[in-house]
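*Asks:* The structure is given below, and queries will be raised subsequently.
The values are calculated or read from the model by the stated rules, or taken from the named source; none is laboratory data. Quick caveat: nothing in here was measured; it's all calculated off a predicted structure. Positions of Cβ are generated from backbone atoms using ideal geometry, with glycine treated the same way; all protein chains shown enter the neighbour counts.
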Amino acid sequence: MRVITGKYKGRTLVSIQDRSIRPATDRVKATIFNMLQNRLGVINAKVLDLFAGSGSLGFEALSRGAAQVVFVDSHRAMIEMINENAQCLGCLDSCDIVHEDALVFIERETDQYNLIFADPPYAYEKTPQLPTLIFGRQLLKKEGFLIIEHAKRTIFEPSAFFTLTVQKEFGNTRVSFFTHPSNHEA
């Protein structure tokens, strides 16, 4: 697994060899960031990477100019790996690494973010609730994006809190882009 572009382009990230962990592929990352390129400036953005795993999406955002990334994961091994990756890339000062359950973090968090990634395990039963929880807590800035990578079978019910603007499919994976209801273009 590697960073695909920006100041850390080509740098390899440490990952755990565990089939239950599925870091975002280069193809998925490229699609996400290409779509964001014309819609949201990542430069100086404050980013939240929930269910961060190896931190692949957050490190890609830092490589492309994000100012700060908050990485959240409930598994100690993932937190240690994110820390190791941040040290290897020399960007530890731009990272807040939080060892906590994502839902607990969402419930207590008061900061707002330009960009929020959520990449829960495909079997995670609360994935459909994530947009409502995040928008309900007002964690996303008005012009920001929530991007969830999830199993294709996951369905998000419509809500007054958010608009599901775009979905892209990659085999059994779907990436869904959410905005505030007043931001209709994606």
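*Asks:* Collect the residues in the range 40-68 that are closer than 19 Å to M78 by Cα, out of contact with any Ser or Thr (no Cβ under 7 Å at 6 or more places or on another chain) and not small (G, A, S), keeping them in residue-number order.
*Replies:* Matches in the range 40-68: V47, L48, D49, L50, F51, L57, F59, E60.
*Asks:* Filter the range 11-41 down to the residues that are part of a loop (DSSP other than H, G, I, E, B) and modelled with pLDDT of 80 or more, then identify the one that is nearest to the chain's Cα centre (by Cα).
*Replies:* Per the stated criteria, the residue is L13.
*Asks:* Could you check the range 33-73 and list, in sequence order, the residues that are touching a Phe, Trp or Tyr at 6+ places or on another chain (Cβ under 8 Å) and without any contact (Cβ under 8 Å) to a residue 40 or more places away in the chain?
*Replies:* Within the range 33-73, V69, V72, D73 qualify.
*Asks:* Turning to a different aspect of this structure: Which of (1) at pLDDT 90 or above; (2) in a loop (DSSP other than H, G, I, E, B); (3) over 15 Å from the mean Cα position of the chain (by Cα) does A186 not meet, given it meets every other one?
*Replies:* (1)
*Asks:* From A160, A123, which residue is among the aliphatic types (A, V, I, L, M) and touching a Pro at 6+ places or on another chain (Cβ under 9 Å)?
*Replies:* A160
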